[in-house]
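The values are calculated or read from the model by the stated rules, or taken from the named source; none is laboratory data. None of these values were measured; they are calculated from a predicted model. Here Cβ is always computed from backbone atoms with ideal geometry, including for glycine, and neighbour counts include all displayed protein chains.
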Amino acid sequence: MQVDKLAYYPFISKASIHVENLGISLDSLLNSWAYRAARARGVRRVKEALEGEIKKPPVSREAQILSELLSYPFARILVACVDDQLFTRRYALAEAKAAYTFLRNETPAFLLKFGEDFEISAGFRDSYFSMHFTDYIRFSNSLKDPAWKLTNRQLRAGEVRITKEEFARLLEEAIRERIEQSFPIPEIPAEISRFCAPYVAEIKDQFEIQKKKFGVTDFGTVKPELFPPCISHALANVQGGVNLAHSMRFAMTSFLLSVGMSVDEILNLFNISPDFDAEKTLYQIEHIAGATGNVYKPPACDTMRTYGNCVGKDRLCEKINHPLAYYEKKIYLKNKEREKGKEQEKESGKEEGKMQESVEEQKKERKAGAEESKAQESVKEKKGEKNWKGRRKRDRK
């Protein structure tokens, strides 16, 4: 394979071997002025992945080829330093999609050779590719279009017949899987983490902006007790081990993501399902969360009714046309009730204060009265003593 081709597919074995043979140390890649363009391209590569598309620059000159090849390991270091599962999946998907744009234009012979790097044994005859059904299932399993189901395919002697573009699409899945499974990178040295810190901080900021675009609404702390009846019913079924219909699973997952639950939290909810497959479920949740670039919102009430997922309607449901609107209204009513309670407490406090003031006034009045009585008694005593002394003087005379 020519070197310029390796620049388009830096994740294959031959590309790794070529980079190793260049004899460029990791320290040089990180610090040498000579590779500043490769580092800049690596940062751009990761940022473009967040946007959903890695743009491949021209690689006609030797310097461009080298920069593109070296940008990949540097990009991987940055992704490893970010250390976020959703981020990693998004990056892997973007790299795979970028490769697919070139793969679909390659010759059948090139694609067959390329597939060998992923241990895919395939053949080409009469304008069609064929591959063993086990490889086909492995790489088509995450593709949602019913056309990819094995039951909708021609199967002969254990081989599945597919077009060139379909074979390229399955190679895209193989690339995504390889890159994704190569993370996390264990024990990144502290000095590398420190060097990458400014880039990583910038990338994380962009990632947070992207996550908001995924459709996560700022409802604050998630309050399951305020969920609409349809979602509460679905949650109860999941926690009871009941397998949800696909439409309800999608509705519940997209709702939970929208109100602020994390991918991992939702994954844990499904952990009890009878057909639980962690990897497949995680992929589905992240797909709904926007990892592929498409933002999925929860279906409206009309759609929920169409699929038979509208259950347990209450009086508030009659005034609402969307599960998120129900939840938002419930939060509003709850906050209003809390504010009303605070006002009542405040008023109650004022009344208690007034009563306390009244008691204090009464105490003061009683004290003043007691002191006045005491003073009067004292005056009387002094007068009595004076009169007694006056009588004694008269008696002596």
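Points worth noting:
- Selection status of E159, farther than 17 Å from K113 by Cα, out of contact with any Phe, Trp or Tyr (no Cβ under 9 Å at 6 or more places or on another chain) and either at pLDDT 90 or above or among the hydrophobic types (A, V, I, L, M, F, W, C) (or both): no
- Test: R249 is within 30 Å of F124 (Cβ to Cβ) and surrounded by 13 or more Cβ atoms within 10 Å (Cβ to Cβ): no
- Residue among R194, R161, R138, R178 that alone is touching a Ser or Thr at 6+ places or on another chain (Cβ under 8 Å) and either crowded, with 19+ Cβ neighbours inside 10 Å or of a type in the set (D, E, K, R) (or both): R161
- Just one residue in the set G260, G293 is in a loop (DSSP other than H, G, I, E, B), assigned by TED's automatic domain parsing to the domain that holds L235, at pLDDT 80 or above and not charged (D, E, K, R); that residue is G260.
- Qualifying residue in the stretch 34-55 (condition: in contact with a Pro (Cβ under 6 Å, 6 or more places away or on another chain), of a type outside the set (V, I, T) and surrounded by 13 or more Cβ atoms within 10 Å (Cβ to Cβ)): no
- Qualifying position, being without any contact (Cβ under 8 Å) to a residue 40 or more places away in the chain and of a type in the set (S, T, Y), among S13, S28, S60: S28
- Which listed residue is small (G, A, S), over 24 Å from C230 (Cβ atoms) and either modelled with pLDDT of 90 or more or assigned to a helix (DSSP H, G or I) (or both), from A370, A325: A370
- Condition met for L112 (aliphatic (A, V, I, L, M) and under 27 Å from E208 (Cα atoms)): no
- Filter result for V79 (closer than 15 Å to F183 by Cβ and in contact with a Ser or Thr (Cβ under 8 Å, 6 or more places away or on another chain)): yes
- Test for C196: is it modelled with pLDDT of 90 or more, within 23 Å of K313 (Cβ to Cβ), not in a loop (DSSP other than H, G, I, E, B) and not hydroxyl-bearing (S, T, Y): no
- Of all residues making up the stretch 301-314, the number that are assigned to a helix (DSSP H, G or I) and either at pLDDT below 90 or touching a Cys at 6+ places or on another chain (Cβ under 8 Å) (or both): 2
Residues checked against (1) within 30 Å of A15 (Cα to Cα); (2) outside the structural domain of I175 (by TED's automatic domain parsing); (3) assigned to a helix (DSSP H, G or I); (4) in contact with a strand residue (DSSP E or B) (Cβ under 7 Å, 6 or more places away or on another chain):
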position	(1), (2), (3), (4)
L111	yes, no, yes, no
I120	yes, no, no, yes
G123	yes, no, no, yes
F129	yes, no, no, yes
T134	yes, no, yes, no
S142	yes, no, no, no
A147	no, no, yes, no
T151	no, no, yes, no
V160	yes, no, no, yes
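- Considering the conditions (1) assigned by TED's automatic domain parsing to the domain that holds I17; (2) at pLDDT 95 or above; (3) buried (at least 20 other Cβ atoms within 10 Å of the Cβ), L103 is excluded by exactly one of them, (1).
- Among (1) among the aliphatic types (A, V, I, L, M); (2) within 30 Å of E208 (Cβ to Cβ); (3) in a helix (DSSP H, G or I), the one test that I54 misses: (3)
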